[in-house]
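The structure appears below as structure tokens.
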Amino acid sequence: MLSPKVVKLLNEQINKELYSAYLYLDMSNFYADKNLKGFANWYYVQTQEETAHAMIFRNYLLREGYKVELGAIDKPNVEFKELVDPLKEAYKHELYVTSTIHDIYAAAQEEKDFRTMSFVDWFIKEQAEEEDNANDLIQKFEMFGQDMKALYLLDADLGARVFTPPTLVI
Ligand code: MG
């Protein structure tokens, strides 16, 4: 049995993951507009990943016999000016998502809901990776972003990222 609080948090997480997908799509559009196709690709793949995260939460609720309730997805409300802006926003956003994942774990722990704790564990590890990737990109940009040749190479590097479905499937 999942508590109503845990079910509510899991439902809200579907919305948060879909908002993440929407935010990253906005970032992808920003870079596509600047003709930085590699950066655009990186965030497009990120959009696919976040959508997959939302489906994992959805599938977990369904498997456990709970109703999935979809809310409205907010418009991404961040204005990007400098090339580095989305990178910084992405890191900030991932820190926020980590906190919401931790909230679900804490609520499950309080209810001795070991199944949800075990389920959310995958996301706790995933968030460590997301934060690391986002922070790494800021560091790279700050080292090389001002040099046009280096920016070209970094863009080519990011262009090579392909979507691989998450290892957790429900
Ligand atoms: Mg996510």
(message) What pairs come out if I take residues in region 31-52 that are aromatic (Phe, Trp, Tyr) and pair them with residues that are within 15 Å of the ligand (Cβ to nearest atom) whose C-beta lies under 7 Å away, six or more apart or interchain?
(response) Tyr31/Tyr43; Tyr43/Tyr24; Tyr43/Met27
(message) Restricting to region 107-160, count the residues that are open to solvent by 40 Å² or more (accessible area, probe 1.4 Å), of a type in the set (A, V, I, L, M, F, W, C), assigned to a helix (DSSP H, G or I) and touching a residue at least 40 places away in the same chain (Cβ under 8 Å).
(response) 2
(message) Quick test of your reading of the structure: Phe80 fulfils all but one of (1) farther than 14 Å from Leu10 by Cα; (2) open to solvent by less than 80 Å² (accessible area, probe 1.4 Å); (3) within 16 Å of the ligand (Cβ to nearest atom); (4) aromatic (Phe, Trp, Tyr). Name the failing condition by number.
(response) (3)
(request) Quick one: Asn41 ticks every box in (1) within 16 Å of the ligand (Cβ to nearest atom); (2) polar (S, T, N, Q); (3) crowded, with 19+ Cβ neighbours inside 10 Å except a single one, so which number is it? (result) (1)
(message) Any residue at all in region 51-71 that's over 14 Å from the mean Cα position of the chain (by Cα), at pLDDT below 95 and among the β-branched types (Val, Ile, Thr)?
(response) no
(request) Filter region 91-110 for residues that are hydrophobic (A, V, I, L, M, F, W, C) and farther than 15 Å from Ala128 by Cβ and give the result. (result) Ile104, Ala106, Ala107, Ala108
(request) Give the residues of region 2-17 that are farther than 17 Å from Glu89 by Cβ and in contact (Cβ under 8 Å) with a residue 24 or more places away in the chain, sorted by residue number. (result) Leu2, Ser3, Lys5, Val6, Val7, Leu9, Leu10, Asn11, Glu12, Gln13, Ile14, Asn15
(message) Could you check region 161-170 and list, in sequence order, the residues that are more than 13 Å from the ligand (Cβ to nearest atom), of a type in the set (A, V, I, L, M) and either modelled with pLDDT under 95 or surrounded by 15 or more Cβ atoms within 10 Å (Cβ to Cβ) (or both)?
(response) Val169, Ile170
(request) Go through region 56-71 and give me each residue that's more than 11 Å from the ligand (Cβ to nearest atom), surrounded by 16 or more Cβ atoms within 10 Å (Cβ to Cβ) and of a type in the set (A, V, I, L, M, F, W, C). (result) Leu61
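The values are calculated or read from the model by the stated rules, or taken from the named source; none is laboratory data. Keep in mind that this is a model prediction, so the values were computed, not measured. Don't worry about glycine lacking a Cβ; one is built from the backbone with ideal geometry, like all the others, and counts go over all protein chains shown. Ligands, DNA and RNA are stripped out before the accessible areas are found, and what is left, the full protein with its side chains, is counted by its heavy atoms. Shrake-Rupley method; radii C 1.70, N 1.55, O 1.52, S 1.80 Å.
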